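Following: one structure in structure tokens, then a few remarks.
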Amino acid sequence: MTEKILLELLRRYKTGEVAEEKVLAELKNFSLATESFGFATIDHGRELRQGFPEVVYAPGKTKEQLKIIFKNLYERSTGNLIASRATREQFDFLRDEIPAAIFDETARMIYVDRDKTLNRDDQKKILIVTAGTSDVPVAEEARLTAYLWGNAVETCYDCGVAGIHRLFAHIDKITSANVTIVVAGMEGALASVVGGLTNRPVIAVPTSVGYGASFQGLAALLAMLNSCASGVGVVNIDNGFGAGVLASKINRAR
């Protein structure tokens with residue numbers, strides 16, 4: 001069942017052509033609808049339950065598997081689509097089958113943007129701040145995810161604590177953002193600083209950027225978890241996608 005079919009079903013219910021029990025049964029079936037290909041089971045009901053189709057994690061999948069999954073989602077959904085942590089090789093393999101697909105090299109994402117004319121709410125802006133330029137790939141994954149989920153997004157890159165005056169140059173953006181995502185490696189101190197400057201939610205994303213004692217992002221993760229600033233939540237190391245989704249859900253609830 002697509003959104004178009006669902007709307008038609010609801011219209012028929014309003015005119016008395018379809019019984020309430022029939023509508024309820026169809027909604028239950030659709031919200032739990034899956035399709036199995038042996039190597040994958042696609043959750044087609046996720047778009048109705050969560051407001052966004054199932055997102056595909058590309059690593060570990062062959063080019064053929066990714067193409068089958070992504071094409072099936074494209075044909076049976078109405079919203080934007082994401083395949084995260086994808087490669088150029090995977091994109092080149094499926095682009096002929098899905099001409100609408102786009103590849104973002106920095107965010108490492110294959111996506112379909114069906115909402116290019118969407119009126120994004122500037123009063124519920126998501127701000128993404130990075131400590132350094134090396135954190136930008138994770139930040140771009142968060143930015144593009146939040147954008148595809150329908151949000152207005154701004155960025156302030158390379159304004160970490162080593163030159164904290166660079167951060168203060170963006171204080172108006174920090175205090176006006178509805179949600180701020182802070183992406184930082186090394187010692188991860190930037191999340192605490194930003195958390196102390198705003199009364200809105202801050203989502204901290206530790207990155208694996210740093211020298212040996214950063215332990216591939218573990219030092220930043222622990223620092224963010226132990227933040228002395230209140231209202232700072234933390235996602236996993238390098239999880240820009242998770243931060244983008246969480247920020248989007250906070251926006252929808254506010």
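Under the Karplus relation 6.51 cos²θ - 1.76 cosθ + 1.60, θ = phi - 60°, what is the ordered set of whole-Hz ³J(HN,Hα) values for segment 81-87, x standing for Gly and Pro?
10, 9, 10, 8, 6, 8, 10
Translational diffusion coefficient of segment 8-77 at 4 °C, 1.567 mPa s, Stokes-Einstein with Kirkwood Rh over Cα pairs, in µm²/s as a whole number.
94 µm²/s
Could you give each residue of segment 207-221 its phi-based ³J(HN,Hα) in whole Hz, using Karplus coefficients 6.51, -1.76, 1.60 with θ = phi - 60°, and x for Gly or Pro?
Result, rounded to whole Hz: 10, 7, 7, x, 7, x, 6, 6, 6, 6, x, 5, 4, 5, 4.
Using only DSSP helix segments of four residues or longer, with each worth -39500 (n - 2.57), what per-residue ellipticity at 222 nm results for the chain after dividing by its residue count and rounding to 500? Provide the component values of the computation, followed by the final result.
On the way: 11 runs with 101 residues, N = 254.
Calculated from helices alone, the mean residue ellipticity at 222 nm is -11500 deg cm²/dmol.
Describe numerically, in nm with one decimal, the distance between label points set 7 Å from Cα along Cα→Cβ at Asp121 and at Asn236.
A separation of 3.0 nm, rounded to one decimal place.
So what's the convex hull volume per residue for the Cα atoms of the chain, in Å³?
In the chain, the Cα hull volume divided by residue count equals 149 Å³.
Taking segment 109-254, how much of its Cα-Cα pair set, in percent, is spaced more than 19 angstrom apart? It would help to have the intermediate numbers written out before the result.
Values: 4788 of 10585 pairs.
Tail of the P(r) past 19 Å holds 45 percent of the pairs.
Counting other Cβ atoms within 10 Å, which chymotrypsin sites (Phe, Trp or Tyr not before Pro) in segment 153-254 have at most 13 and lie in a DSSP loop?
Answer in residue order: Tyr211.
Across segment 52-69, in residue order, what do the Karplus-derived ³J(HN,Hα) couplings come to in whole Hz, using 6.51 cos²θ - 1.76 cosθ + 1.60 with θ = phi - 60° and x for Gly and Pro?
For segment 52-69, the Karplus curve yields 8, x, 4, 8, 9, 8, 6, x, x, 9, 6, 4, 5, 4, 5, 5, 4, 5 Hz.
Read the figures in this text as sums done on the coordinates, not as results from a lab. This one's a predicted model, so the numbers in the text were calculated from it and none came from an experiment. Glycine gets a Cβ as well: all are built from the backbone with ideal geometry, and neighbour counts include every protein chain shown.
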